[in-house]
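Data block below; observations after.
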Amino acid sequence: MILFEEVNKIYAGDFCALKEVDFHLKQGEMAFLTGHSGSGKSTLLKLISLMERPTTGRIVINGNDISHIKGNDIPYMRRHIGMIFQDHRLFMNRTVLENVGLPLLIEGYNQYEIKRRSLVALDKVGLSGKEDYEPIHLSGGEQQRVGIARAIINQPPLLLADEPTGNLDPKLSLEILSLFESLNEFGMSVLIATHDLGLIAKMRYRTLTLKNGEMINDGLMRERNG
Amino acid sequence: MAKQNKNLLSGSPRITKVSFLGRVASVFQQHFQQVFSSFSELWKTPFATFMTILVLGVALSLPSVFHVLYKNTVHVTDQWDKASEISLFLNKDISEPRIQVLINKLELYSDIDSVSYISSHQALEEFKEMSGFSKALNYLDENPLPDVLIVVPVEQAMNAAGSKLLVAKLKREQGVELVRVDIDWIEKLQAILSVVVDIVIAIVILLLLSVLLIVSNTIRLNILNQRAEIEVFKLVGATNSFIQRPFLYAGAWYGFLGGVIAWLLTFGLVLSLRSGVNNLMGLYQTQFQISAMSIEEVAILIATATFLGFIASYISVKQYLVKIEPK
C-alpha cells in the first residue's frame, strides 16, 4: 500500500527533513506515525499525499511509483488517498452534505448519487441528521467527523490523518480513533500522524517513530515501552 | 486485519459505477451548475460586484458611444454627399440652340441622372425675388448672371470620387465657363473623420485593455481570497480545469454584465441626443434620425465584452490559480 525505499528529502539550504527512510505499510494495515515537532512527520505525509517530491529514493502508493509522477496525474492519485487534517479544512460556507460530497462532485458523479453516498458516509461517522448544517455550527469533534466522512466517501484504499485528535479532548480523541479502527476493519489502510504518545499507548498498533528525519523505531509502542 | 469489504459506503449491495455516458452528462451538468453558481457567487459581495460591473460598463460604453456617433456621422455625410449637385456656369455668348445641344449631350452621359437649365433671365428674376434688391437690380444695363445647367449625377457617381471625375469631364465641355460642386467641405469633413477614427481606435484599444486589467485584477483577488478553498479542492483530487472553471465563468459574467451596462448607457445617450439632433438637422433641412445600436451590434458588444472577461480571467487563472499548491 505504502512503500518507502531509501527516501531522502532535502529542502533548500541543505536541510535534510528525511534521511534514508524505509518502511512498508501493507494493505489493510493501520499504523501510527509519531515523533517530536520537526522530526519529519509532516514531510513524510506530504510525500505520500504528493504535496512534495522526494529528493532521492522511491515511493510506491497503491502500486504506483509516485517518485517521478507527472503533475497532471497528481489529482487522480490523490483521489485514492483519503486525507484528514487537524484543522479539518472544511468549507464553512457550505453545508455538511456539500463538504462531504466534494470528492464525488470532482469525480463527476450526479447529484442523486452524491447525496445518497454522502448520507451513508455521514451515517457511518455518526452524523446522521446533520447534513444541512454548516460546519461552523458543529463542535470540533463533529467537524472532524465531517472531515473523515469526506475522506472516506469515495472509498480510498488509503487513509492519511495528520494530528486528527490534536484539537480534541481525550474522550473525543478515543471516539475518533475507534472510528479509524472501524474503517480499518473494512479494509482501508490507515496511517495516523500524532505526537500524543498516551493515545498511541492505549491502542495496539504498529508505530513508526521519526527523529530528526530518521526512522528510529518501527513496531508496537507497548512492546517498545515495556 | 485486512478485511476486504467494498460495500463500506455504498448503501446498496454494490456501488453504482458511473458509465462513460453518465460521466459525460455529468460534466455538462457540472458546467451548467458552475455557470449559474459563479453568477450567484458574484452577488455574495453585491456592492463590490456592482462597482466592478459599472466600471466595466463605463469603459465599454465609450467605444460603443464612439461607434454610434461615427455611424451616424457617416450616415449624415452620406446624405449630404448624395444631395450634391453640380452647377455649370455657361459662357455669356453661348446661344440657346448651343445650350440645347449641350443639354442633349450631357443627358447621354452614363454618370448623369438629370440636367436642368436655368436661363440667365430666370436666374435674375429669382435673385431679385430672394435678395429684395429688385429695384436696384433694375438699374443694371445688362444681366450679369450667366446661364446655368444644374447636373445631378447618378447614384453611383454621387460620392466624392465619382463627382470629381464627372467635374473633370464637364470642365472640358465647350461653352462651360465654370464648374462648381459643393463637395470640398465633405472631403474635408471625411478627412477630419478619418483622423478622428484613428484617434478613437487608439482610445478604444486602451479602454478594452483597461477592461482586461479590471477583470483580471478582480479575478486575481477572488483567487487569492479563496486560496484556502483552492488548496482543499486540490487535496481532494480536483484538477486545475475543475477548479478554474468557476473563475473563468465569473470573468465571463463580469464581461457580459459590463457589456449590458455599456449597451444601456449607449442607448440612454442616444435617447437623450435624439431631440437635440432632430432640431439641429431641421436647421439644415435634412431629414435625419439618430440611430441607436442595431441588434447585431448589441450582440457583438456583449459577446466581445464576455470574451474579454473570459480572456482576462484566463490570464489570472493561469498566473495565480495554477501556482497555488496545498501546504
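The values are calculated or read from the model by the stated rules, or taken from the named source; none is laboratory data. Just so it is clear, the model here is predicted, and its values are computed rather than measured. In this analysis, Cβ positions are derived from the backbone assuming ideal geometry, glycine residues included, and neighbour counts consider all displayed protein chains.
For B:Glu297, indicate whether it is within 22 Å of B:Ile205 (Cα to Cα) and acidic (Asp, Glu). Write out each step before concluding.
Working: within 22 Å of B:Ile205 (Cα to Cα): yes; acidic (Asp, Glu): yes.
Yes: the conditions hold for B:Glu297.
Scanning the range B:37-49 for residues that are in a helix (DSSP H, G or I) and surrounded by fewer than 12 Cβ atoms within 10 Å (Cβ to Cβ) yields B:Ser40, B:Pro46, B:Phe47. Could you list, ordered by first residue, the pairs with Cβ atoms under 6 Å in which the first is in the range B:178-202 and part of a strand (DSSP E or B) and the second is at pLDDT below 80, at least 6 apart or interchain? Every condition considered, the pairs that remain are B:Val181/B:Ser163.
With the requirement that a residue be of a type in the set (Phe, Trp, Tyr) and surrounded by 22 or more Cβ atoms within 10 Å (Cβ to Cβ), what does the range A:6-44 give you? Once the filter is applied, which keeps residues that are of a type in the set (Phe, Trp, Tyr) and surrounded by 22 or more Cβ atoms within 10 Å (Cβ to Cβ), the range A:6-44 yields only A:Phe32.
All told, B:Ile219 meets the bar of being farther than 28 Å from B:Ser110 by Cβ and touching a Gly at 6+ places or on another chain (Cβ under 9 Å). Remark: pairs (first residue in the range B:139-167, free of Cβ contacts under 8 Å to residues at least 24 places away in the same chain; second residue among the hydroxyl-bearing types (Ser, Thr, Tyr) and in a helix (DSSP H, G or I); Cβ separation under 7 Å; 6+ apart in sequence or on different chains) = B:Asn143/B:Ser120. Summed over the range A:99-123, the residues that are more than 7 Å from every other protein chain (Cβ to nearest Cβ) and not small (Gly, Ala, Ser) give a count of 12.
Examine the range A:95-112 for a residue that is assigned to a helix (DSSP H, G or I) and surrounded by fewer than 17 Cβ atoms within 10 Å (Cβ to Cβ), and state whether such a residue exists.
Within the range A:95-112, the first condition is being assigned to a helix (DSSP H, G or I), and the residues that meet it are A:96-107, A:111-112.
Checking the rest, the ones that are also surrounded by fewer than 17 Cβ atoms within 10 Å (Cβ to Cβ) come to A:111-112.
Yes; the residues of the range A:95-112 include at least one that is assigned to a helix (DSSP H, G or I) and surrounded by fewer than 17 Cβ atoms within 10 Å (Cβ to Cβ).
Looking at the structure I just gave you, is B:Val197 surrounded by 13 or more Cβ atoms within 10 Å (Cβ to Cβ) and away from chain A (no Cβ under 14 Å)? Here the answer is yes, as B:Val197 does meet what is asked.
Matching residues to (1) at positive phi; (2) at pLDDT 85 or above; (3) among the polar types (S, T, N, Q):
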{"residue": "B:Gln30", "(1), (2), (3)": "no, no, yes"}
{"residue": "B:Met51", "(1), (2), (3)": "no, yes, no"}
{"residue": "B:Ala59", "(1), (2), (3)": "no, yes, no"}
{"residue": "B:Trp80", "(1), (2), (3)": "no, no, no"}
{"residue": "B:Glu85", "(1), (2), (3)": "no, no, no"}
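Going by the conditions given, is B:Gly276 more than 14 Å from chain A (Cβ to nearest Cβ) and without any contact (Cβ under 8 Å) to a residue 12 or more places away in the chain? For B:Gly276, the condition - more than 14 Å from chain A (Cβ to nearest Cβ) and without any contact (Cβ under 8 Å) to a residue 12 or more places away in the chain - is met.
Has the range A:67-79 got at least one residue that is buried (at least 21 other Cβ atoms within 10 Å of the Cβ) and modelled with pLDDT of 90 or more?
Within the range A:67-79, one or more residues are buried (at least 21 other Cβ atoms within 10 Å of the Cβ) and modelled with pLDDT of 90 or more.
Does B:Lys327 meet the test of being surrounded by fewer than 18 Cβ atoms within 10 Å (Cβ to Cβ), within 14 Å of chain A (Cβ to nearest Cβ) and touching a residue at least 12 places away in the same chain (Cβ under 8 Å)? The answer is yes for B:Lys327.
Do the conditions hold for B:Leu137, that is, is it assigned to a helix (DSSP H, G or I), surrounded by 11 or more Cβ atoms within 10 Å (Cβ to Cβ) and in contact with a Lys or Arg (Cβ under 6 Å, 6 or more places away or on another chain)?
On the way: assigned to a helix (DSSP H, G or I): yes; surrounded by 11 or more Cβ atoms within 10 Å (Cβ to Cβ): yes; in contact with a Lys or Arg (Cβ under 6 Å, 6 or more places away or on another chain): yes.
Yes.
When you check A:Ser128 against the structure, is it part of a loop (DSSP other than H, G, I, E, B) and either surrounded by fewer than 21 Cβ atoms within 10 Å (Cβ to Cβ) or more than 9 Å from chain B (Cβ to nearest Cβ) (or both), yes or no?
Numbers: part of a loop (DSSP other than H, G, I, E, B): yes; either surrounded by fewer than 21 Cβ atoms within 10 Å (Cβ to Cβ) or more than 9 Å from chain B (Cβ to nearest Cβ) (or both): yes.
Yes, satisfied.
May I ask you to verify whether A:Ala193 is farther than 27 Å from A:Lys115 by Cβ and buried (at least 19 other Cβ atoms within 10 Å of the Cβ)?
On the way: farther than 27 Å from A:Lys115 by Cβ: yes; buried (at least 19 other Cβ atoms within 10 Å of the Cβ): yes.
So A:Ala193 fits the description; yes.
B:Val236 satisfies every condition listed in (1) within 40 Å of the chain's Cα centre (by Cα); (2) buried (at least 16 other Cβ atoms within 10 Å of the Cβ) except (1). Could you check the range A:15-44 and list, in sequence order, the residues that are within 14 Å of chain B (Cβ to nearest Cβ) and either modelled with pLDDT under 90 or out of contact with any helix residue (DSSP H, G or I) (no Cβ under 6 Å at 6 or more places or on another chain) (or both)? Within the range A:15-44, A:His24, A:Leu25, A:Lys26, A:Gln27, A:Gly28, A:Glu29, A:Ala31, A:Ser42, A:Thr43 meet the criteria.
If we scan the range B:118-129, do we find a residue that is surrounded by 13 or more Cβ atoms within 10 Å (Cβ to Cβ), modelled with pLDDT under 80 and in contact with an Asp or Glu (Cβ under 7 Å, 6 or more places away or on another chain)?
Going residue by residue through the range B:118-129, those that are surrounded by 13 or more Cβ atoms within 10 Å (Cβ to Cβ) are B:118-120, B:122-125, B:127-128.
Among the residues that remain, those that are also modelled with pLDDT under 80 are: B:127-128.
Among the residues that remain, those that are also in contact with an Asp or Glu (Cβ under 7 Å, 6 or more places away or on another chain) are: none.
For the range B:118-129, residues surrounded by 13 or more Cβ atoms within 10 Å (Cβ to Cβ), modelled with pLDDT under 80 and in contact with an Asp or Glu (Cβ under 7 Å, 6 or more places away or on another chain): absent.
Taking the range B:87-125 as the range and being closer than 19 Å to B:Leu145 by Cα and among the basic types (Lys, Arg) as the test, the residues that pass are B:Lys92, B:Arg98.
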